[in-house]
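Q: For reference, the structure I am asking about is given below.
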Amino acid sequence: MDAPLWTILPFLALVFLASLSGACFRPGTWYKKLDKPSWTPPDWLFPVAWLVLYIMMAVAAWRIWDFAGFGIPLYMWGVQLVLNALWSAVFFGLRSPLLGLVEVSALWLSVAATIFTFATVDLFSAALLLPYLVWVSFAAALNGAIVRRRLGAAA
């Protein structure tokens, strides 16, 4: 890596901006009252996990920028970051687990595509995004379980 350490700051700023969606659209009482599966993590775990993941996402993008500049891999990273920010707005803001499930599915695909494009430039950067894909997979499963429970309750 040739880039000075300070050049990571724009990438950290971008993931911070994406994280603001989670701060604006919080779970609140509506989420607490949802019928959730027993394997739902405690509320305190989500911000801790996201902090670590956002840092890894910023480092991965910074490395890609240093190795290859702006191109398709960073474009894909930007797409997944926008989808990441949108999930909280859809699920919590609109209070729509069903639309949240659709959105998190698009997020999962975009993260997988980002990993693929990052791997063509730097395997370490791609590997930094693997825990993110696992977390989004878990979030999608949790979102899907909530949708199934709501649909079952409505039947």
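Q: Please compute the Kirkwood hydrodynamic radius of region 71-126 from all pairs of different C-alpha atoms, in Å with one decimal. Walk me through the numbers before you get to the answer.
A: Working: mean 1/r = 0.0860 Å⁻¹.
Hydrodynamic radius (Kirkwood, Cα pairs) of region 71-126 is 11.6 Å.
Q: Residue-wise, which Karplus ³J(HN,Hα) couplings in Hz belong to region 72-79, taking 6.51 cos²θ - 1.76 cosθ + 1.60, θ = phi - 60°, and x for glycine or proline?
A: Working through the residues one at a time gives 4, x, 6, 4, 4, 4, x, 4 Hz.
Q: Place a label point 7 angstrom from the Cα of D2 along the Cα-to-Cβ direction, then list the residues of region 106-131 whose backbone nitrogen is under 18 Å away.
A: Taking a point 7 Å out along Cα→Cβ of D2, the residues of region 106-131 whose backbone N falls under 18 Å are 121-122.
Q: Note down the relative contact order for region 1-129 as a percent, whole number, built from C-alpha pairs under 8 angstrom at least six residues apart.
A: Values: 117 pairs, mean separation 43.2, N = 129.
It rounds to 33 percent for region 1-129.
Q: Oh, and also: Roughly what would the spin-label model give for L130 and Y75, points 7 Å off Cα along C-beta, in nm?
A: Label at L130, label at Y75, 2.8 nm between them.
Q: Given R₀ = 25 Å, FRET efficiency for F16-L151 by Cβ-Cβ distance, to 0.05?
A: Values: r = 36 Å, r/R0 = 1.43.
Here the calculated transfer efficiency is 0.10.
Q: Could you compute Rg(Cα) / (2.2 N^0.38 Å) for region 31-153, with N its residue count? Walk me through the numbers on the way to the answer.
A: On the way: Rg = 15.4 Å, N = 123, 2.2 N^0.38 = 13.7 Å.
With N residues counted in region 31-153, Rg over 2.2 N^0.38 Å equals 1.12.
Q: Another question about this same structure. Can you give the percent of C-alpha pairs in region 1-97 whose distance is more than 19 Å? Kindly include the intermediate steps, with their values, before the conclusion.
A: Working: 2302 of 4656 pairs.
Distances greater than 19 Å cover 49 percent of the Cα pairs.
Q: Calculate the translational D of region 1-46 in whole µm² s⁻¹ from Stokes-Einstein, where the hydrodynamic radius comes from the Kirkwood formula applied to all Cα pairs, the temperature is 20 °C and the viscosity 1.002 mPa s.
A: Details: Rh = 13.7 Å.
My calculation gives 157 µm²/s for D.
Q: Okay, next question. Label-point separation (nm) for V82 and A141, each offset 7 Å from Cα along Cα-to-Cβ?
A: Label-label distance for V82 and A141, simple model: 3.0 nm.
Readers should treat all values here as calculations from the given coordinates under stated rules, not as data from a laboratory. Just so you know, these numbers come straight off a predicted model, no measurement behind them. Glycine gets a Cβ as well: all are built from the backbone with ideal geometry, and neighbour counts include every protein chain shown.
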